[in-house]
Amino acid sequence: MTPFIPFLHDNNCLHAEQVPVEQLAETFGTPLYVYSRQALISQYQRYQSAVSEQDMICYAVKANSNLAVLRTLADQGAGFDIVSGGELERVLAAGGDPARVVFSGVGKQPAEMQRALEVGIHCFNVESLRELEQLQAVAASLETVARVSLRVNPDVDARTHPYISTGLKANKFGVPVEDAETFYLQARDMAFIEPVGVDCHIGSQLTETEPLLEALDSLLVLVGRLRTQGIELVHVDMGGGLGVSYEEGEQPPDIEQYIAIVHDRLAAQGLHLILEPGRSIVADAGMFLTRVSLLKTGEEKNFAVVDGAMNDLLRPALYGAWQRVVPVTPRPGKPALWDIVGPICETGDFLAKDRELVLAEGDLLAVMQAGAYGFVMSSNYNTRPRAAEVMVDGDKAHLVRRRETLSELLAAEQELS
Ligand code: LLP
């Protein structure tokens, strides 16, 4: 399936689907997150159409948890991968089916486990023996059975940024594959636990599939060993991780090709597949729109100070991430090198560095591939209200989260009484 391209220039003006981005800035102000409904649906469909009916695509809510995003995916029949009780409530509020929810994360609280059991989620991705014991206690108190999958740490190098690499022994995630058998034997003997699967998630923004397939093979060896012990697992959950193209030349794996390989290996063993993609579904479907407040030229550097900042889009500051910056209305002229920086009092407050652009004050800039890990990682640092979010559908733009107000920010606080 060819991906839908949501943001294109037409008549020298960037459009989000059919809506001129200038118009979005006028109507909703900046900084602003803009999402394309069609792009979301088309990326999800690429996954869904490559798997069988018993398989599940569980969108990783953490990548972008706006209710309109979740509703769009729920309407397509998506499942969801959650990591907190908060994300569970979002999925339910957006009409997601709890029977298609998997619950990941190293530190689930008993109250979160209880709620998830009450609404009947599909499976808990358990990350330690202690967590299994805690889950068994909660399930026993509700006299219900918790379906579980063990998150195995296959000790493979995902070859991505260290902060988002999770499959190495040195990482806090999962259980070493050598200890997995003991885990399943204990799980089998627990009255309120039913082992149904095995899972892993070795990292994010992967640009090659070899580490994923290496991890898959080690899970399949484990599944085979468990079979000889009489433990029949039903599914293998490969987590998320497929990258997107932030930079030109960065070639992420082809979704359909990757799934075809995984699917074949699992089908040969009679296993179902679960995937938890986040970034590869939403990154391309979103952009972050910001306006140039002023230009500050210097001997060594030129700075374009914009109204968006690291509190709005943290990836460049936190990971040194590179995201494409595109002028909404490109102007003719000789380009200069610019650092695109926010108004926050930190040198780390930049959205981009050394970009060749022709800029003037008041220009609108779009930071691309900002649909994933953008708004969700935003904060109120420097007492900055968080940006608004808009979803475009054809020629219509819907406000899906209004801009925060300063009075809201102050409302939760009080002075000594
Ligand atoms: N499943 C689990 C258990 C995860 O921990 C993650 C992401 C996913 C699925 C989704 O992975 P994806 O398909 O999006 O790669 N804030 C970072 C990314 C953190 C990813 C955390 N886990 C960034 O902005 O690059």
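The values are calculated or read from the model by the stated rules, or taken from the named source; none is laboratory data. Being a predicted model, the structure only gives us computed values, none of them experimental. All Cβ positions, even for glycine, are placed from backbone atoms using ideal geometry, and neighbour counts span all protein chains on display. Ligands, DNA and RNA are excluded from the accessible area calculation, which covers all protein heavy atoms including side chains. Shrake-Rupley method; radii C 1.70, N 1.55, O 1.52, S 1.80 Å.
Can you say whether ASP199 is under 16 Å from VAL262 (Cα atoms) and either within 11 Å of the ligand (Cβ to nearest atom) or open to solvent by less than 30 Å² (accessible area, probe 1.4 Å) (or both), as far as the supplied structure shows?
Answer is yes for this residue.
Can you tell me which condition ALA158 does not meet? The list is (1) away from the ligand (no atom under 12 Å from the Cβ); (2) crowded, with 23+ Cβ neighbours inside 10 Å; (3) outside any helix (DSSP H, G or I), and all the others hold.
Of the numbered conditions (1) away from the ligand (no atom under 12 Å from the Cβ); (2) crowded, with 23+ Cβ neighbours inside 10 Å; (3) outside any helix (DSSP H, G or I), the odd one out for ALA158 is (1).
Would you say LEU289 is assigned to a loop (DSSP other than H, G, I, E, B), crowded, with 18+ Cβ neighbours inside 10 Å, away from the ligand (no atom under 16 Å from the Cβ) and not charged (D, E, K, R)?
no
Please state which one of ILE5, ILE41 is open to solvent by 10 Å² or more (accessible area, probe 1.4 Å), among the β-branched types (Val, Ile, Thr) and not in a helix (DSSP H, G or I).
From the options ILE5, ILE41, the qualifying one is ILE5.
Being open to solvent by 10 Å² or more (accessible area, probe 1.4 Å), within 14 Å of the ligand (Cβ to nearest atom) and free of Cβ contacts under 8 Å to residues at least 60 places away in the same chain: is that true of THR228 here?
Working: open to solvent by 10 Å² or more (accessible area, probe 1.4 Å): yes; within 14 Å of the ligand (Cβ to nearest atom): no; free of Cβ contacts under 8 Å to residues at least 60 places away in the same chain: yes.
Here the answer is no, as THR228 does not meet what is asked.
Please state which one of SER417, SER407 is exposed (fewer than 14 other Cβ atoms within 10 Å of the Cβ), among the hydroxyl-bearing types (Ser, Thr, Tyr) and not in a loop (DSSP other than H, G, I, E, B).
Details: SER417 fails: not in a loop (DSSP other than H, G, I, E, B).
When all the criteria are applied, what remains is SER407.
When you check ALA50 against the structure, is it within 16 Å of the ligand (Cβ to nearest atom), within 27 Å of VAL152 (Cα to Cα) and open to solvent by 20 Å² or more (accessible area, probe 1.4 Å), yes or no?
So ALA50 passes the test.
State all residues of segment 47-81 that are over 18 Å from HIS235 (Cα atoms) and among the aliphatic types (A, V, I, L, M); if no residue qualifies, say none.
Keep residues of segment 47-81 that are over 18 Å from HIS235 (Cα atoms), which gives 49, 61-77.
Across segment 47-81, the qualifying residues are VAL61, ALA63, LEU67, ALA68, VAL69, LEU70, LEU73, ALA74.
For residues that are without any contact (Cβ under 8 Å) to a residue 40 or more places away in the chain and within 16 Å of the ligand (Cβ to nearest atom), scanning just segment 231-265, find the one that is most open to solvent (accessible area, probe 1.4 Å).
ASP254
Can you name every residue in segment 1-22 that is charged (D, E, K, R) and touching a residue at least 60 places away in the same chain (Cβ under 8 Å)?
Within segment 1-22, GLU17, GLU22 qualify.
Have a look at ALA268, ALA215, ALA309, ALA317 and point out the one that is hydrophobic (A, V, I, L, M, F, W, C), more than 24 Å from GLY362 (Cα to Cα) and either open to solvent by 50 Å² or more (accessible area, probe 1.4 Å) or in the same structural domain as PRO335 (by TED's automatic domain parsing) (or both).
Just a single option satisfies the conditions, and that option is ALA268.
List the residue pairs whose Cβ atoms are under 6 Å apart, where the first residue sits in segment 106-123 and is at pLDDT 95 or above, the second is part of a loop (DSSP other than H, G, I, E, B), and the two are 6 or more positions apart or on different chains.
Every condition considered, the pairs that remain are LEU117/THR144.
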